[in-house]
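All remarks here apply to the structure that follows.
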Amino acid sequence: MQPIHTSIEIGLPAPIRVLHASDTHLTHADARDGQRKVDLAASRLRGFPDADARLAELGRLSHQLGLPIMHTGDLIDFVSLANLEAAKAFADSHDIFMATGNHEFSLYVGEAWEDADYRNQSLAAVQACYKNDIRMSSRIIKNGDAAVNFVALDNGYYYFEPRQLAFLKEQVALGLPVVLMIHTPLYERKLYDDARARSGSCAYLAGVPDELIADYDPYRYRQQKTDATTAEFLEYVAGEPAIKCILAGHLHVDYDSTFAGRPQLISGGSVARVVEFC
Ligand SMILES: [Fe+2]
């Protein structure tokens, strides 16, 4: 399994390389979580039969290439003791910087409306697997005189929070080029058209204009409607030249999109993408 390679020119004096991965979707469960979870695991495994092999290969590539893993979420498909143990074992033995997706907090996939209260039922247990704040954190990676600030924000539920926008502004103020890491890609018209053509029902993007979601079914409309803070977030990102690139996932494809004139790289169709910022 070979990674794909993408080079992004942002004017650095020396290259900085990372391994971008997304949407691994581990589906482990055992009797400790009860039969309902074991049945869920068996069902979900059919959709992600290669998840363990993909994670192992991702780890092998990270060690072989000496590159940190920048993961944009859905490393696990649902919360279970076995999935959390597997995630923690991976994070303890690899250099991984994590931005969570919607599935990180799924207790049973699709069983309930997913919002902050739902997420908080499992947030502490999921957070305990990882070394960075999985909902909002930054990591500066250097190579000689070059430095890039990777800012990871959880937008797995299609919206951003005021504190996340404030945090992003604080990070931009540090003066380094910023790469934004999010699970759900940001709306761009061609991406919307292509994503909608693939799914047939909705585009699964954040920040889609209201007129383009008007024919979503009521559940998806409520889920993906752009709130005021999210609209403000997109406007800020679009107008902030320090934000050089967006890394995202969620769509389970490798797709080179854009957002407001900068690259928006969506990964998750292959094991990993080597991204070189230069
Ligand atoms: Fe996913």
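Annotation: amide H-H contacts under 5 Å for residue 79 (H modelled 1.01 Å from N, sequence separation of 5 or more, or interchain): 106, 107.
Summarising the amide proton neighbourhood of residue 24: residues at separation of 5 or more, or on other chains, whose placed amide H is nearer than 5 Å comprise 75.
Using alpha-carbon pairs under 8 Å, 6+ residues apart, how would you state the relative contact order of segment 4-277 in percent? Display every interim value, and only then the final one.
Numbers: 570 pairs, mean separation 65.4, N = 274.
Here the relative contact order equals 24 percent.
Can you compute the charge dipole magnitude of segment 1-160 about its Cα centre, using +1 on each Lys and Arg Cβ and -1 on each Asp and Glu Cβ, nothing else charged? Give it in debye, rounded to the nearest 20.
Details: 14 positive and 21 negative charges, 61 e Å.
In debye, rounded to 20, segment 1-160 gives about 300.
By the rule of a C-alpha distance below 25 Å, with chain neighbours fewer than 8 residues away ignored, the lysines paired with residue 142 are 131, 169, 244. One Cα centroid belongs to segment 86-108, the other to segment 160-213; the line between them spans 21 Å.
Restricting the count to DSSP beta bridges whose residues both fall in segment 4-277, what percent are antiparallel, rounded to a multiple of 5?
Details: 18 of 42 bridges.
The antiparallel proportion sits near 45 percent.
Have a look at 165, 223, 266 and report the one farthest towards the positive end of the charge dipole of the chain, computed about the Cα centre with Cβ charges (Lys/Arg +1, Asp/Glu -1). With unit charges placed on the Cβ atoms, the residue in question is 266. Accessible area of segment 4-277 with a 1.4 Å probe: how many percent of it is carbon plus sulfur? Answer for segment 4-277 is 53 percent, counting heavy atoms of protein chains only. The phi-based Karplus calculation (6.51 cos²θ - 1.76 cosθ + 1.60; θ = phi - 60°) puts the 3J(HN,Hα) values of segment 182-190 at 9, 7, 8, x, 8, 4, 8, 4, 5 Hz, whole numbers, x for Gly and Pro. Where only DSSP H runs of four or more residues are counted, the chain gives -9500 deg cm²/dmol as its mean residue ellipticity at 222 nm, each run worth -39500 (n - 2.57).
Taking Cα centre as origin and charging only the Cβ of basic (Lys, Arg, +1) and acidic (Asp, Glu, -1) residues, the dipole magnitude of segment 132-278 rounds to 260 debye.
In order along segment 165-176, the phi-based Karplus estimate (6.51 cos²θ - 1.76 cosθ + 1.60, θ = phi - 60°) of 3J(HN,Hα) comes to 5, 4, 5, 4, 4, 4, 5, 4, 5, 5, x, 9 Hz; Gly and Pro are listed as x. Within straight-line reach of residue 37, meaning a Cα separation under 25 Å, sit the following lysines at least 8 residues removed in sequence or on another chain: 88.
When a/c is below 1.5 the answer is rounded, else prolate if a/b is larger than b/c, else oblate, so apply that to segment 155-229 with a ≥ b ≥ c taken from the square roots of the Cα gyration tensor eigenvalues. It would help to have the intermediate numbers written out before the result.
Details: a/c = 2.96, a/b = 1.90, b/c = 1.56.
Here segment 155-229 falls in the prolate category.
Per-residue 3J(HN,Hα) values for segment 90-96, derived from phi via the Karplus relation 6.51 cos²θ - 1.76 cosθ + 1.60 with θ = phi - 60°, read 5, 5, 6, 10, 9, 8, 10 Hz in sequence order (x marks Gly and Pro). The residues of the chain present an accessible area of 41 Å² per residue when probed at 1.4 Å with all protein chains retained. Residues whose amide H comes within less than 5 Å of that of residue 181, counting only those at least five positions distant or on another chain, are 151, 152, 153, 247 (H built at 1.01 Å from N in the peptide plane).
State to the nearest 20 debye the size of the charge dipole of the chain about its Cα centre, where the only charges are +1 on K and R beta carbons and -1 on D and E beta carbons.
The calculation lands at about 400 debye.
The values are calculated or read from the model by the stated rules, or taken from the named source; none is laboratory data. Note that the structure is predicted; figures quoted are calculated from it, not measured. Backbone-built Cβ (ideal geometry, glycine too); neighbour counts: all protein chains shown. SASA here: full protein model, heavy atoms, side chains in, ligands and nucleic acids out. Shrake-Rupley method; radii C 1.70, N 1.55, O 1.52, S 1.80 Å.
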